[in-house]
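Enquirer: Structure below; questions to follow.
The values are calculated or read from the model by the stated rules, or taken from the named source; none is laboratory data. Computed from a predicted model, the values in this text were never measured in an experiment. All Cβ positions, glycine included, derive from the backbone under ideal geometry; neighbour counts span all protein chains shown.
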Amino acid sequence: MPPRRDAGQAFPIYITVVAGLLFLALAYLAVGQAAVRRSDAQTAADAAALAAAQKTRDQLAGLWLDDLDDPTKWQAIFDGQGGGDFCWRAVQLGAQNDAEADCAPEGPLSYVVDARTIKSVGDSIVPGTENVHATAHAIAVIEPLCSLPPGGGGGGHSLPPLTCKDGRVWDLKPGDTTGLPKPEDLFDVHLADSPANDH
């Protein structure tokens with residue numbers, strides 16, 4: 001009889017331990033769900049900001065090509081003048097990543113995006129998570145890679161050489177559109193908190 005009484009006393013303890021372990025497992029699951037949603041929000045914010053910046057880069061590169069024979073306009077283009085506002089592209093990319101993107105240009109050469117996931121964290125043992133949406137912040141920068149020689153160079157019927165950060169010098173000729181720098185040669189697009197890499 002004593003062994004049976006001891007077994008009966010141990011059973012409630014066993015149930016309590018199992019219940020505690022189950023609670024911890026569910027808590028870890030809730031934390032994991034929140035982490036996934038946070039990652040989704042950051043991915044959406046990064047992609048949205050980069051998309052808007054890339055559209056601006058392409059716009060500026062197009063303007064430079066249009067004004068290839070007028071180097072007096074080059075510096076203004078490299079400074080971002082005429083790049084436009086492509087926040088619509090950020091909103092579009094946000095939606096493709098299941099997020100709502102709030103975008104704003106920050107000067108002519110950068111975009112700020114705040115993203116909010118459309119899906120909530122979901123039901124969990126933590127009260128209220130079914131109504132919690134993850135948010136994230138991102139800044140994308142368009143960095144000019146090329147510069148004119150002091151004084152602008154060129155003159156007459158010649159164009160000034162274009163020196164870029166990779167050490168390459170582009171010798172340009174009026175009216176010659178062959179072998180010109182591509183948009184990614186003229187401008188780099190990257191996130192403000194990451195190394196400068198074109199995307």
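Enquirer: With modelled with pLDDT under 65, part of a helix (DSSP H, G or I) and either surrounded by 17 or more Cβ atoms within 10 Å (Cβ to Cβ) or out of contact with any Ser or Thr (no Cβ under 6 Å at 6 or more places or on another chain) (or both) as the only criterion, which of L65, L24 stands out?
Expert: Working: L65 fails: modelled with pLDDT under 65.
Sole residue among the options that is modelled with pLDDT under 65, part of a helix (DSSP H, G or I) and either surrounded by 17 or more Cβ atoms within 10 Å (Cβ to Cβ) or out of contact with any Ser or Thr (no Cβ under 6 Å at 6 or more places or on another chain) (or both): L24.
Enquirer: Examine the range 119-130 for a residue that is on the phi > 0 side of the Ramachandran plot, surrounded by fewer than 16 Cβ atoms within 10 Å (Cβ to Cβ), modelled with pLDDT of 90 or more and not polar (S, T, N, Q), and state whether such a residue exists.
Expert: Narrowing the range 119-130 to residues on the phi > 0 side of the Ramachandran plot: 122, 128.
Subsequent filtering for residues that are surrounded by fewer than 16 Cβ atoms within 10 Å (Cβ to Cβ) retains 122, 128.
In the following step, the residues that additionally are modelled with pLDDT of 90 or more were identified as none.
No - not one qualifying residue is present in the range 119-130.
Enquirer: What do you reckon, is D85 assigned to a loop (DSSP other than H, G, I, E, B), exposed (fewer than 14 other Cβ atoms within 10 Å of the Cβ) and of a type outside the set (V, I, T)?
Expert: Numbers: assigned to a loop (DSSP other than H, G, I, E, B): yes; exposed (fewer than 14 other Cβ atoms within 10 Å of the Cβ): no; of a type outside the set (V, I, T): yes.
Answer is no for this residue.
Enquirer: Here is a list of conditions, (1) among the polar types (S, T, N, Q); (2) over 30 Å from D176 (Cα atoms); (3) in contact with a Phe, Trp or Tyr (Cβ under 8 Å, 6 or more places away or on another chain), and S120 meets all of them except one; can you say which number that is?
Expert: Result: S120 fails condition (3) only.
Enquirer: Next question, about the same structure. Please determine whether any residue of the range 74-85 is modelled with pLDDT under 90 and touching a strand residue (DSSP E or B) at 6+ places or on another chain (Cβ under 7 Å).
Expert: For the range 74-85, residues modelled with pLDDT under 90 and touching a strand residue (DSSP E or B) at 6+ places or on another chain (Cβ under 7 Å): absent.
Enquirer: Give the residues of the range 61-76 that are closer than 13 Å to P144 by Cβ and either of a type in the set (V, I, T) or without any contact (Cβ under 8 Å) to a residue 24 or more places away in the chain (or both), sorted by residue number.
Expert: L63, A76, listed by residue number.
Enquirer: Scan the range 136-182 for residues that are hydroxyl-bearing (S, T, Y), farther than 30 Å from C87 by Cα and at pLDDT below 90 and jot them down.
Expert: Looking only at the range 136-182, we keep the residues that are hydroxyl-bearing (S, T, Y), and these are 147, 158, 163, 177-178.
If we keep only those that are farther than 30 Å from C87 by Cα as well, we get 158, 163, 177-178.
Across the range 136-182, the qualifying residues are S158, T177, T178.
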